[in-house]
Amino acid sequence: MASTIVATYSIAACDLEAGQWGVATQSKFLGVGSVVPWAEPGVGAIATQAYANPRYGPDGLALLREGLSAEEAVERLTAADDGSEHRQLGIVDREGRAATFTGKECMDWAGGRTGSCYAAQGNILVSGDTVDAIAETFESSSGRPLSERLLDCLDAAQAAGGDSRGQQSSALLVVERDGGYAGLSDVVLDLRVDDHPRPLEELRRIHALHHAIFGKTPQDDWLDVDTELEEELRDRLARLGYDGELADAFFRWAGNENLEERVDGSERIDPVVLEELRRQS
């Protein structure tokens, strides 16, 4: 078999109201995020694993783009693959329809479960409780951000037993049309922990870091920069070596700290940015 064994658990899912599709996964495998997760906004999300066929990702998205359902895409991909009995695959399509496939030759425990807007699957697991935990966690968390729901699914899966060989890597991919950096990318999140003794904890840490840098605080929660706060900002920026006009100094500091997405002039300030400036100065 030429493909790589990606013994893992995963969930491919979507939030139709938010216009987001995503995949979360964990495995005793180096760099699981380079193989398993695939997604395209308005099209679908795909997880490919076991003796993984990475071409299921781009080829599957192409089929979904043509209008095939998740079930039809699974059938088309596996029918054209001589090694399909060694594969595992989960797909959610543009309408939230889901399908999961586990080949007969996948190593125990292996199987999957689907519901509205999700496909959960895993192989070489301690038991089927792992997949059930993913499904139940997703079903009970509607209304929360998709990325948080997917992280909770991974934690629940691990608590239920997880990969029978242990942990090594994890990944979280979420896409939304123009939802990424500066509104110029469809990738909201593409976070990967390639090799770590506690990959789920590390994935949560970098997810929190990503939110701190690229997240959005509602405009109603921003603070007006009055005379007192303006003086504080000037003083703190000067301590850090940023002199000159407040707007320019503030933007240069924010840019150097990768916080430019949280800045919009100098008349109002995101409290997250203010907290970071105070911490540094």
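The values are calculated or read from the model by the stated rules, or taken from the named source; none is laboratory data. What you see is a predicted model, and the numbers here were worked out from it, not measured in a lab. A quick note on method: Cβ atoms are made from the backbone with ideal geometry, for glycine too, and the neighbour counts reach across all protein chains shown. Heavy atoms of the whole protein, side chains included, go into the accessibility calculation; ligands, DNA and RNA do not. Shrake-Rupley method; radii C 1.70, N 1.55, O 1.52, S 1.80 Å.
Tabulated results
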{"quantity": "Single condition residue 62 does not satisfy, out of (1) over 26 Å from residue 124 (Cα atoms); (2) within 16 Å of the chain's Cα centre (by Cα); (3) small (Gly, Ala, Ser)", "calculated": "(2)"}
{"quantity": "Options 114, 130; residue that is β-branched (Val, Ile, Thr), in contact with a strand residue (DSSP E or B) (Cβ under 8 Å, 6 or more places away or on another chain) and open to solvent by 60 Å² or more (accessible area, probe 1.4 Å)", "calculated": "114"}
{"quantity": "Where a residue in the stretch 137-157 is in contact (Cβ under 8 Å) with a residue 40 or more places away in the chain and within 16 Å of residue 8 (Cα to Cα) and its partner, wherever it lies, is in a helix (DSSP H, G or I) and β-branched (Val, Ile, Thr), with Cβ under 6 Å and at least six apart", "calculated": "153/134; 153/137; 157/130; 157/134"}
{"quantity": "Residue in the stretch 38-49 that is surrounded by fewer than 24 Cβ atoms within 10 Å (Cβ to Cβ), in a loop (DSSP other than H, G, I, E, B), in contact (Cβ under 8 Å) with a residue 12 or more places away in the chain and in contact with a strand residue (DSSP E or B) (Cβ under 7 Å, 6 or more places away or on another chain) present", "calculated": "yes"}
{"quantity": "Options 140, 164, 170; residue that is open to solvent by less than 60 Å² (accessible area, probe 1.4 Å) and hydroxyl-bearing (Ser, Thr, Tyr)", "calculated": "170"}
{"quantity": "Of residues in the stretch 62-79 being of a type in the set (A, V, I, L, M, F, W, C) and touching a Lys or Arg at 6+ places or on another chain (Cβ under 6 Å), the one least open to solvent (accessible area, probe 1.4 Å)", "calculated": "70"}
{"quantity": "Among (1) closer than 17 Å to residue 45 by Cα; (2) surrounded by fewer than 24 Cβ atoms within 10 Å (Cβ to Cβ), the one test that residue 105 misses", "calculated": "(1)"}
{"quantity": "The listed residue being farther than 30 Å from residue 61 by Cβ and acidic (Asp, Glu), out of 155, 248, 178", "calculated": "248"}
